[in-house]
Amino acid sequence: MNPFFEKLLLSEDEPQKIKLLYKRLEESDPVIPRILDKLSETQAGYLYKIITSSHFLFEELTQHPEWLKEDIFNEEDLLSPMAVSALRHELSELMVEEIANRDFEATGRLLREFKLKHIFRIAVRDLNKLCSTEQIILELSNLADLCLQSVFRLSWLQLTEKIGVPYYKDGDGNWVRSDFSIIGLGKLGGQELNYSSDVDVIFVYSEEGFVFKETPEPGDIPGSHALNNHQFFTRLAESIISEVSKSTREGWLYRIDLRLRPEGNGGPLVRSLESYENYYAQWGRTW
């Protein structure tokens with residue numbers, strides 16, 4: 001056993017936490033206890049703080065022993081936040097095969113596991129006072145941004161492959177793909193999320209238009225049964241909400257709150273940019 005843990009077994013009031021940790025991890029992977037034994041005293045201290053401070057984090061670690069193989073308690077790495085670009089690259093590499101195979105159920109599961117792992121990493125930094133509270137809430141907000149971006153991309157891919165791509169006509173009569181944004185409000189918009197925050201968002205698309213199965217030429221007209229852009233983006237928003245809120249074995253990604261949109265729960269899920277401009281010009285108020 002790790003010397004740091006051996007000393008704690010003799011001095012602490014609750015040594016069962018350490019014994020249970022070893023037992024649970026060994027049951028899932030016999031190699032893991034040897035990794036625990038090789039942790040430095042500082043790393044072992046980080047781990048002990050986690051398992052004695054939060055039952056949730058203790059359970060997550062025992063259910064994900066692979067995190068220890070991935071060196072999640074690396075001392076140097078824990079002293080600084082993980083760059084957003086590095087997070088994005090890690091997530092992209094994690095899901096590349098499932099996306100190529102169009103296994104969207106697996107990509108959703110991998111995304112939720114990715115979020116759990118990085119919530120755990122942030123909590124290690126937080127509980128061991130390795131950074132400021134301001135840094136923690138920024139990291140939590142950046143993680144939420146990345147997760148929402150990923151859900152949007154996956155939902156977009158599924159929907160466009162099924163029904164087509166939304167376009168609008170520009171001033172020259174050319175069909176241009178209509179863009180879409182998820183705009184964070186509240187704590188998400190202010191980059192002030194905590195561990196239990198819901199995410200306040202609104203959905204906006206660039207222009208009204210129609211959905212085409214193939215890239216349209218300037219003179220093309222939509223078919224008689226073509227969806228308009230509002231219908232398309234409503235379906236896209238519904239898909240995003242469903243994936244973000246879905247309750248699974250890995251939990252859900254986030255509780256999503258749409259009540260800050262124009263007209264609240266009585267308003268449409270999505271609006272065009274022009275519709276937002278008109279609404280706020282007439283009804284908007286400063287707080």
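A short reminder: the numbers here are calculations on the coordinates, not readings from a lab. This is a predicted model, so every value here is computed, not measured. Methodologically, a virtual Cβ is constructed for each residue, glycine included, from the backbone with ideal geometry; neighbour enumeration extends over all protein chains shown.
Once the other residues with Cβ under 14 Å from the Cβ of ASP145 are scored (Lys, Arg +1; Asp, Glu -1), what is the net sum? Walk me through the numbers on the way to the answer.
Values: positive: ARG88, LYS115, ARG153, LYS187; negative: GLU139, GLU192, ASP200.
Here the charged neighbours net out to +1.
In units of the rule-of-thumb radius 2.2 N^0.38 Å, the stretch 15-82 shows an alpha carbon radius of gyration of 1.04.
Taking 27 Å as the limit for the C-alpha separation, the pairs LYS115/LYS187; LYS49/LYS246; LYS17/LYS187 exceed it in the case of LYS49/LYS246; LYS17/LYS187. Annotation: amide H of ILE256 within the under-5 Å range of VAL199, sequence separation 5 or more or interchain, hydrogens built in the peptide plane.
Once the piece of chain linking ASN74 and GLU134 is laid out straight, how much longer is it, given 0.36 nm per residue of separation minus the C-alpha distance between them? Numbers along the way, then the final one.
Details: separation 60, 0.36 × 60 = 21.60 nm, distance 2.19 nm.
Contour length minus the Cα-Cα distance gives 19.4 nm.
Using a cut-off of 14 Å between beta-carbons, work out the net charge of the residues near ASN265 (Lys and Arg +1, Asp and Glu -1, ASN265 not included). Local net charge: -1. In this structure the amide hydrogen of GLY209, modeled in the peptide plane, comes within under 5 Å of the amide hydrogens of ASN229, HIS230, none closer than 5 places in sequence on its chain.
What dipole magnitude, in Debye to the nearest 20, does the stretch 80-283 give about its Cα centre under +1 on Lys/Arg Cβ and -1 on Asp/Glu Cβ?
Values: 22 positive and 30 negative charges, 152 e Å.
So the dipole magnitude of the stretch 80-283 works out to roughly 720 debye.
Packing order of peptides 170-176, 237-243, highest average first: 237-243, 170-176 (average count of other Cβ atoms within 10 Å over each peptide's residues). Annotation note: GluC sites (Glu not before Pro) in the stretch 35-140 located in DSSP loop regions with a Cβ neighbour count of at most 15 within 10 Å are GLU70.
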